[in-house]
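Read the structure below first, then the notes.
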Amino acid sequence: MNRLSTITLSTALIITMSGCERPKAPGMEKPPEGPVPLTTTEVKTGNFPAVLEATGQTEAYNTVQIYARVNGYLQKRHYTEGSFVKEGQTLFVIDPSDLKNSYNTAKAAYDLASANYTNAKAVFNRIKPLAQANAASQQELDTATANERNSAAALAGAAAAFEQAKLNLSYTTIKAPMSGFVDQSKVDIGTYISAGANGLLTTMYQNNPIYVHFTFSENQKIARQNAIASGKLITPKDNVYDVELTLSDGVALTRKGKIDFISPFIDPTTGNITYRAVIDNSDHKLLPGQFVKVKVKGMEWKDALYVPQKTLLSGEKGKFVYAIEANNTVTPKPVVAGEWIGENVIIESGITAGTKIAADSLPKLKPGAEVIPNAK
C-alpha cells in the first residue's frame, strides 16, 4: 500500500469514528438548554413524633448475692439452677443440728431466768408493803429490791441470747429475698460453709422491671435540651415513654418505660452521656446483658419546619435545597437537617416556612438555572 492510500484510509477511519460517538450512560446526559420544567413544593410546618435512637444494653433491676449467715454443712438445694423463683421460696438448707442444740440451751437459760425474775419480783412485792409498815427491816427491802433488779437484767440478757439463737437457727433455711431468676449454685451439697464473705451460695436477678442503658453524645444532649427549652420539643407530661427494643434476631419489643437516670458527667473516653430507662418486662423476654437497638418514643416536635426527603441534596458545604426565586431561577439554600421522619426531614435552620423549593428534576438544576415551575 502506497503512502497516498494510507493517508486516505486513516482519514476515512477518523471520519467514521467521529460519527459514531459513544452514547452517554443514563444520568450522564448534559442538562438541556433553556428553562427546566419542574414541580415545586413549599417548606411547611407540622407536629411530628420525635424518636431517640441509640444502642443499649439491658441490666437486671436488682442483683442480689446470696450468702450464708451461719456456719455449717450445706444439706439441700431446693431450686433448679437458672429457674425463676418467688420471694420467700426456700433456696438452700444448712444442717441445723448444732444450732438446734444452741437454741435449746438458750431457751433453757431463758426459762430459768424468767422463773428467777418471777420469784424475785414476788418477794419484792411482798417485802415492800411490810417495810413501809415497819414490819420488815430496811435491809430486807434493799435485798429484795436488788434481787428483783438483778433477775430482771439476767432475764433481759437471756431473752437476747434466746432471740439470737432463734435467728441463727432460722438462718439455716435460706429463702429468696425477692422474685427473680437464680444463678447456678457456687457450693456443692455437703460442703462446709463459713458465714460471711466466704459463704457466697448463688446470685439472684430481678428482671421485672428491667433496666436499659444507652448513650447519646454531648452535642445530641445539648441540642435536645435547647429544643425543649425553646418549646420546639415537647416531652410527655408524666415522663413515661414508649421504648422500642430491637433484639439481635430483629424482633422488636415495645414497652412502657421511664428514664429514671441521666449521668451527671460526660465519659471522657467516648464523649457520651449515659441514660437509663426502667421498663416493663413482665413476660421475661429480656435478659440482663443483652445488646439491643433502642428507640425512645413519646416526645413531639411542635411546629417543626420540614421538607420531603427527596428535595434535600448534599454538596461540598453540606445539605441544601433549591429555592425558587421570583424570576423563576433557582438558588441553593444551605440548611441544617434534623430527624428523618417517614418521607420527610425536619429542617432546623437555613430556610423559612412557605419558601418554594424544587421537588423534582433536581439532577438537571444548577445555581441560577431558569425553570418553568409546575410545568405539566
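Where a number appears in this text, it was derived from the coordinates with a stated rule and is not lab data. Keep in mind the model is a prediction, meaning the values are calculated, not measured. So basically every Cβ, Gly included, is an ideal-geometry build from the backbone, and we count neighbours across all protein chains shown.
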Identify, among Gly34, Asn281, Val212, the residue whose Cα sits farthest towards the positive end of the charge dipole of the chain, taking +1 on the Cβ of Lys and Arg and -1 on the Cβ of Asp and Glu, with the dipole about the Cα centre. Gly34
Taking Lys and Arg as +1 and Asp and Glu as -1, residues besides Tyr322 with C-beta under 11 Å from its C-beta add up to +2
Among all the aspartates and glutamates, which ones have a C-alpha under 12 Å from Lys297's C-alpha, if same-chain residues fewer than 8 places away are not counted? Glu53, Asp242, Glu244
Taking alpha-carbon centroids only, region 136-199 lies from region 302-360 a number of Å equal to 76 Å
Can you list residues whose amide H is under 5 Å from Thr40's amide H, if they're 5+ apart or on another chain and H is modeled 1.01 Å from N? Ala359, Asn374
Expected max-MSF residue from Asn219, Asn168, Asn327 in the GNM of the chain (alpha carbon, under 10 Å) is Asn327
Note, ³J(HN,Hα) from phi for region 108-124, Karplus 6.51, -1.76, 1.60, rounded to Hz, x at Gly and Pro: 5, 5, 5, 4, 5, 5, 5, 5, 4, 5, 4, 5, 5, 5, 5, 4, 4
Given +1 on the Cβ of Lys and Arg, -1 on the Cβ of Asp and Glu, and no further charges, what dipole in debye does the chain carry about its Cα centre, rounded to the nearest 20? 320 debye
When the chain is modelled as a GNM with alpha-carbon springs shorter than 10 Å, which of Ile347, Ile259, Ile222 fluctuates the most? Ile222
Sum up the charges of everything whose Cβ sits under 14 Å from the Cβ of Tyr117, counting Lys and Arg as +1 and Asp and Glu as -1, but leave Tyr117 out. 0
So the angle from the long Cα axis of helix 218-229 to the longest Cα principal axis of the chain, reported in degrees to the nearest 10, equals 90 degrees
Give the cross-link partners of Lys44 among the lysines, using a straight C-alpha distance below 21 Å as the criterion and excluding same-chain residues fewer than 8 apart. Lys232, Lys302, Lys310, Lys319, Lys333, Lys356
HN-Hα J in Hz across region 55-70 - Karplus 6.51, -1.76, 1.60, θ = phi - 60°, x for Gly and Pro: 9, x, 9, 7, 8, 4, 5, 9, 10, 10, 8, 9, 10, 6, 9, 9
